[in-house]
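In what follows, a single structure is set out as structure tokens and then discussed.
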Amino acid sequence: MSAVVSVRDLEVAYGNLEVVKGVSLDVYQGEKIVIMGPSGSGKSTFLRSLIWLVKPRRGRIVVDGVEVKHDTVREVRKRVGFVFQSYNLFPHLKVIDNIVLPLVKAHGIPRDEAVERAKEALQMVGLLEKAYAYPLQLSGGQQQRVAIARALAIRPRVLMLDEPTSALDPELVDEVLRVLEEIARHGTTMLIVTHEVDFAEDVADRVLFFEGGKVVEEGSPEILYNPKTERLRQFLKRLHRRVTV
């Protein structure tokens, strides 16, 4: 079985600062990969580099059978739904238009079809009744759910999420995580950078722990309770998790 996302020896640097150091990864259809790690470990840069939001210095990336290069990156981005920490919604556009606009402009989808896709995606995240509201009329959790709907509306081969709950007040986190759990149950291939350990335990097929730009531990969610490395053990203790000593 071929991987939906295949990464080999990926390196990313900001000037002379190496941020991602030779990471390789295969993600298969329907897999849910949770990426964790301390601030500055390279996890978000790694995720963004997969579709050249940050351009790698070295390495090979293949998404849905297409190698990411200068002349293919736009086509690859059409196959990937990406959700950022901040919602990145246009405040002057209604919710539905925030979803329809990129479908029409970036993906060339006829407007009537784009509207239907937008409504379908809003239904998936439980916000169809807010289709004609403006973003500032919504809570932060609702705005992030709109951002998730926007990513789903392109019908992506893989959904990538970069700390989708980090900008939310604690009481709003659960509503977003419940939506992501439902999306996961539908078999969507997902790569998620998050510190939400309970979510990782419930949803992830694999957990990757980044440190110093490398994957220092990888495995099933069991590693969240029985880490093999001292570094992951200390990280989890800071998150107030019970681990086996």
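Laboratory data are not the source of any read-out in this text; all were calculated from the coordinates shown. What you are looking at is a predicted structure, and each value in this text was computed from that prediction instead of being measured. Here the Cβ is made from the backbone with ideal geometry for all residues, glycine too, and neighbour counts use every protein chain on show.
What is the helix-to-structure angle for 111-124, meaning the angle in degrees between its Cα long axis and the longest Cα principal axis of the chain, kept from 0 to 90 and rounded to the nearest 10? Compared with the principal axis, the helix lies near 50 degrees.
Report the per residue volume, in Å³, of the convex hull enclosing the C-alpha atoms of region 56-169.
Values: hull volume 13.0 nm³, N = 114.
Considering the Cα atoms of region 56-169, their hull volume per residue is 114 Å³.
Whole-percent P(r), region 89-155, all Cα pairs, 5 Å bins from 0: 4, 22, 34, 25, 12, 3, 0. In terms of Cα atoms, the Rg and Dmax of region 1-74 work out to 12.2, 38 Å.
Once the Cα-Cα distance is subtracted from the 0.36 nm per residue extended length, the residue 26 to residue 228 segment shows a gain of 70.6 nm. Note on the chain: with a GNM built from Cα contacts shorter than 10 Å, the maximum mean-square fluctuation among 154, 61, 109 falls on 109. Placing unit charges on the Cβ atoms of the charged side chains and taking the dipole of region 89-155 about its Cα centre, the candidate lying farthest along the positive direction among 102, 133, 115 is 102. Beyond 20 Å, the tail of the calculated P(r) for region 44-104 holds 37 percent of the Cα pairs. Taking 8 Å as the Cα distance limit and 6 or more residues as the minimum spacing, I'd like the relative contact order of the chain as a percentage. Relative CO of the chain lands at 25 percent.
Cross-link partners for residue 69 among the lysines, with Cα-Cα distance under 30 Å and sequence neighbours closer than 8 places in the same chain left out: 21, 32, 43, 55, 78, 105, 214. Each residue of region 223-231 was assigned a 3J(HN,Hα) from its phi angle through the Karplus expression (A = 6.51, B = -1.76, C = 1.60, θ = phi - 60°), giving 5, 6, 10, 10, x, 8, 9, 5, 5 Hz with x at Gly and Pro.
Find out how many positive minus negative residues lie around residue 5, taking Lys and Arg as positive, Asp and Glu as negative, among other residues whose Cβ is under 12 Å from that of residue 5.
On the way: positive: 8, 60, 79, 157; negative: 26, 31, 64, 67.
So the environment of residue 5 carries a net charge of 0.
The GNM of the chain, with springs linking C-alpha atoms under 10 angstrom apart, assigns the highest mean-square fluctuation among 42, 108, 140 to 108.
Mind grabbing the base-10 log of I(q)/I(0) for the chain at q = 0.07, 0.08, 0.10 Å⁻¹? Debye formula, identical points on the C-alpha positions, no solvent, two decimal places. Here the Debye-derived log intensity ratios amount to -0.23, -0.30, -0.48.
About its Cα centre, the dipole of the chain is roughly 680 debye, where the only charges are +1 on Lys and Arg Cβ and -1 on Asp and Glu Cβ.
Go ahead and estimate [θ] at 222 nm for the chain from helices alone: -39,500 (n - 2.57) per DSSP H run with n ≥ 4, summed, over the residue count, rounded to 500.
Values: 8 runs with 82 residues, N = 245.
Theoretical 222 nm ellipticity from helices: -10000 deg cm²/dmol.
Taking amide hydrogens as placed 1.01 Å from N in the peptide plane, the amide H of residue 161 sits under 5 Å from those of 83, 191, 192, 193, each at least 5 positions away in sequence or on another chain. One equal scatterer on each Cα of region 101-223, no solvent, Debye formula: the resulting log10 I(q)/I(0) at q = 0.14, 0.22 Å⁻¹ is -0.66, -1.33.
What net charge do the residues around residue 42 carry, taking every other residue with its C-beta under 9 Å from that of residue 42, with Lys and Arg at +1 and Asp and Glu at -1?
Working: positive: 21, 43, 214; negative: 18, 211.
Once all neighbours under 9 Å are counted, the net charge is +1.
Here the chain carries DSSP beta bridges of which approximately 55% are antiparallel, counting only pairs with both residues inside.
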